[in-house]
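FYI, it's all coordinate maths here, none of it is from the lab. These figures come from a predicted structure and were not determined experimentally. Using ideal geometry, Cβ is built from the backbone for each residue, glycine included, and neighbour counts are taken over all protein chains shown.
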Amino acid sequence: MRYIGDGRIQSHEWYQDFALRQRVLEAKSGLCLFALVRRRPNRDTVAGFVGLQPWTQPWGPTGRIEMGWRLGLAHQGAGLATAAARECLARAAASGIHDPIAMIDVQNRASVAVAQKLGMVALDEVDALSGARVAVFGFPSRAEV
């Protein structure tokens with residue numbers, strides 16, 4: 001959360017609207033930010049989300065398909081984001097999307113590591129409206145030059 005938005009947890013209504021937007025996006029395109037559920041004996045836990053959606057911010061590569069992930073602290077470091085992101089990339093490829101980007105705060109070492117494990121490299125850097133420096137990660141063999 002410290003690298004996304006202002007770091008605050010949003011209201012219940014915000015998350016309801018967010019979930020609705022994701023369901024609409026999934027119905028239209030087959031892609032969205034999917035809930036990542038960690039299955040354990042006798043207990044399933046929502047670990048976070050992983051998926052793809054259009055980048056809609058007024059800064060950066062507006063209109064490109066962005067891959068993103070967010071996991072709770074208790075679920076980080078177990079390879080969950082990387083494994084789920086690979087599944088999402090396969091789903092995207094089946095839908096004809098072969099060149100997604102990932103927008104990652106340059107200070108977010110964990111997300112940078114996930115992108116690198118996926119074979120992504122930093123293609124560019126931009127400034128977010130918040131002033132944060134954000135790397136645009138992509139697949140070098142697929143990136144537009």
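For region 22-40 versus region 51-119, the inter-centroid distance based on Cα atoms is 13 Å.
Taking other C-beta atoms within 10 angstrom as a stand-in for reagent exposure, Cys32, Cys88 fall in the order Cys32, Cys88, fewest first. Cβ-to-Cβ counts within 10 Å put Lys28, Lys117 in ascending order as Lys28, Lys117, the fewest first. Taking 7 Å steps out from each Cα toward its Cβ at Ala128 and Ala113 produces label points 2.0 nm apart. Taking chymotrypsin sites (Phe, Trp or Tyr not before Pro) across region 23-114, the ones in a DSSP loop with at most 16 further Cβ atoms lying within 10 angstrom of their Cβ are Trp59. Its relative contact order, with pairs defined as Cα atoms under 8 Å and 6+ residues apart, puts region 12-138 at 18 percent. A full extension of the chain between Ala78 and Arg23 corresponds to an added length of 17.1 nm, given 0.36 nm per residue minus the alpha carbon distance.
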